[in-house]
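The values are calculated or read from the model by the stated rules, or taken from the named source; none is laboratory data. This is a predicted model, so every value here is computed, not measured. All Cβ positions, even for glycine, are placed from backbone atoms using ideal geometry, and neighbour counts span all protein chains on display. Heavy atoms of the whole protein, side chains included, go into the accessibility calculation; ligands, DNA and RNA do not. Shrake-Rupley method; radii C 1.70, N 1.55, O 1.52, S 1.80 Å.
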Amino acid sequence: MTEKRTILSVEDLTVAFNMYRKGGFKKTDLEVIHQLSIDVKEGEIVAVVGSSGSGKSILAHSVLHILPKNAKVGGKITFDGKELDEKYCRELLGKDIAFIPQSVDYLDPLMHVDKQVIGVYGTKERQREVFNRYQLDERVDKLYPFQLSGGMARRVLISSAVMEHPKLIIADEPTPGLNVEMAMETLNHFRELADKGTAVLMITHDIDLAFEVADRIAVFYAGTVVEIAPTLDFIMGRGFLRHPYSMAFVDALPQKGFKPIDGKQPYAGDLPSGCLFADRCPLRDDACAGEIEMRDVRGGKVRCVHAT
């Protein structure tokens, strides 16, 4: 079987924001992403999950070079084998790379939505085809964003990303505001595009819907990836996973009875040494205090010295 080529590769990404600490008068670098590595291959959907504040959206903004000016970024990001710097990203965005932002405020408030979706490369016929699929009738075409409901604005954003056949879609929470039927239609559309070769990086809190279409799931915790594994492992349950946080994450799903664990995700300005999950982990021992690298275990990747 031919190995699929990697479309997006992120290696050892670090992101820090130069800012004033609370109550201070000097700026310091607050590192919010640490040694984060992830990749997405052609024809693959990778779902990124994790609690709020774990760094999921910062990953997307780092890839697209839309972080604020006080951000300091390290590591290496490549697109289809070529380093993805800011200039190259601008050349690709809207054609080979499509972005679905989390906020509907990304829509231009002064432009009709049909023109925004058509953009530079699209056609009116294709725009109407996509709008019909997302149940946006012709009267929507000449509306401004403020005239749309939240769900309609979300569908317009999605439409703009699927107008063409991009090599990569980065979707940051694409389904909030959609009913279950439309959310599932959106993810099925992603699946169709992936089956034709598109790579999809999907950040989501709709875990159950992600289970339906994703090939792999990456679990974020405190600014890094703690596990990447086939979706089937998450569906099969905790016994098929590798990291204690992934197991706790699955146990906290509604169908598992919302089982909580003690403690909270550490603040980026006060991280423990070694494993970032150690103070909440039942397997904690002295080995957890050292540097923890991602390693291959049972067909997945995990950042845990105890994973077998």
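Regarding the stretch 258-267, can at least one residue be identified that is in contact (Cβ under 8 Å) with a residue 24 or more places away in the chain and either part of a helix (DSSP H, G or I) or of a type in the set (Ser, Thr, Tyr) (or both)?
Kept after step one, since they are in contact (Cβ under 8 Å) with a residue 24 or more places away in the chain, are these residues of the stretch 258-267: 265-266.
Cutting the leftovers down to either part of a helix (DSSP H, G or I) or of a type in the set (Ser, Thr, Tyr) (or both) gives us none.
Scanning the stretch 258-267 turns up no residue that is in contact (Cβ under 8 Å) with a residue 24 or more places away in the chain and either part of a helix (DSSP H, G or I) or of a type in the set (Ser, Thr, Tyr) (or both).
Which ones in the stretch 210-222 are open to solvent by 30 Å² or more (accessible area, probe 1.4 Å) and farther than 21 Å from Leu36 by Cα? First the steps, then the outcome.
The first filter runs over the stretch 210-222 and keeps only residues open to solvent by 30 Å² or more (accessible area, probe 1.4 Å), leaving 211-212, 215-216.
Within the stretch 210-222, Phe211, Glu212 meet the criteria.
Of everything in the stretch 248-263, what is among the aliphatic types (A, V, I, L, M) and either loosely packed, with under 15 Cβ neighbours inside 10 Å or within 12 Å of Ile235 (Cα to Cα) (or both)? Give them in sequence order. Give the derivation first.
Keep residues of the stretch 248-263 that are among the aliphatic types (A, V, I, L, M), which gives 248, 250, 252-253, 261.
Matches in the stretch 248-263: Val250, Leu253.
Which residue pairs have Cβ atoms under 6 Å apart, sit 6 or more places apart or on different chains, and have a first residue in the stretch 193-204 that is closer than 12 Å to Ile217 by Cβ and in contact (Cβ under 8 Å) with a residue 24 or more places away in the chain and a second that is in a helix (DSSP H, G or I) and open to solvent by less than 10 Å² (accessible area, probe 1.4 Å)?
Thr204/Ala210
So which pairs qualify, if the first residue must be in the stretch 103-126 and among the polar types (S, T, N, Q), the second must be open to solvent by less than 80 Å² (accessible area, probe 1.4 Å), the Cβ gap must be under 8 Å, and the two must be at least 6 apart or on different chains?
Pairs found: Gln116/Leu107; Gln116/Asp108; Gln116/Val156; Gln116/Ser160.
Spot the failing condition for Cys288; the list is (1) assigned to a helix (DSSP H, G or I); (2) open to solvent by 20 Å² or more (accessible area, probe 1.4 Å); (3) within 23 Å of His34 (Cβ to Cβ); (4) not polar (S, T, N, Q), and only one is missed.
Against the list (1) assigned to a helix (DSSP H, G or I); (2) open to solvent by 20 Å² or more (accessible area, probe 1.4 Å); (3) within 23 Å of His34 (Cβ to Cβ); (4) not polar (S, T, N, Q), Cys288 comes up short only on (2).
Among the residues of the stretch 69-102, which ones are small (Gly, Ala, Ser), under 25 Å from Phe17 (Cα atoms) and in contact with a helix residue (DSSP H, G or I) (Cβ under 9 Å, 6 or more places away or on another chain)?
Taking the stretch 69-102 as the starting set, the residues that turn out to be small (Gly, Ala, Ser) are 71, 74-75, 81, 94, 98.
Then drop every residue that is not under 25 Å from Phe17 (Cα atoms), which leaves 71, 74-75.
If the condition is that a residue be small (Gly, Ala, Ser), under 25 Å from Phe17 (Cα atoms) and in contact with a helix residue (DSSP H, G or I) (Cβ under 9 Å, 6 or more places away or on another chain), then Ala71, Gly75 are the ones that fit.
Quick one: in the stretch 273-308, which of the residues that are small (Gly, Ala, Ser) and free of Cβ contacts under 8 Å to residues at least 24 places away in the same chain is nearest to Pro244 (Cα to Cα)? Spell out how you get there, then give the answer.
Of the residues in the stretch 273-308, the ones small (Gly, Ala, Ser) are 273-274, 278, 287, 289-290, 299-300, 307.
Next, only the ones that are free of Cβ contacts under 8 Å to residues at least 24 places away in the same chain stay: 273-274, 278, 287, 289-290.
Details: Ser273: 18, Gly274: 15, Ala278: 9, Ala287: 15, Ala289: 16, Gly290: 17 Å.
Checking each candidate, the answer is Ala278.
Here are some residues: Ile235, Ile207. Which one is more than 15 Å from Ile100 (Cα to Cα), touching a residue at least 12 places away in the same chain (Cβ under 8 Å) and under 14 Å from the mean Cα position of the chain (by Cα)?
From the options Ile235, Ile207, the qualifying one is Ile207.
Working only within the stretch 152-179, note down all residues that are over 15 Å from Arg133 (Cβ atoms) and not in a loop (DSSP other than H, G, I, E, B).
Within the stretch 152-179, Ala153, Leu168, Ile169, Ile170, Ala171, Asp172 meet the criteria.
Given Val104, Val120, which one is at pLDDT below 95, aliphatic (A, V, I, L, M) and more than 21 Å from Ile203 (Cβ to Cβ)? Outline the logic, then answer.
Values: Val104 fails: more than 21 Å from Ile203 (Cβ to Cβ).
Result of the check over Val104, Val120: Val120.
Residues that are open to solvent by 70 Å² or more (accessible area, probe 1.4 Å) and more than 30 Å from Lys27 (Cα to Cα): find the helices (runs of 4 or more DSSP H) completely inside the stretch 38-141 holding 1 or more of those.
Details: elements: 56-63, 86-92, 113-118, 124-133.
Output list reads 86-92, 113-118, 124-133.
Can you name every residue in the stretch 188-241 that is among the aromatic types (Phe, Trp, Tyr) and part of a loop (DSSP other than H, G, I, E, B)? Spell out the reasoning first.
In the first step, residues of the stretch 188-241 are kept if they are among the aromatic types (Phe, Trp, Tyr); the result is 190, 211, 220-221, 234, 240.
Those that are among the aromatic types (Phe, Trp, Tyr) and part of a loop (DSSP other than H, G, I, E, B): none in the stretch 188-241.
Would you check if Ser62 is modelled with pLDDT of 95 or more and of a type in the set (Ser, Thr, Tyr)? Give the steps one after another, and end with the answer.
Working: modelled with pLDDT of 95 or more: yes; of a type in the set (Ser, Thr, Tyr): yes.
For Ser62, the condition - modelled with pLDDT of 95 or more and of a type in the set (Ser, Thr, Tyr) - is met.
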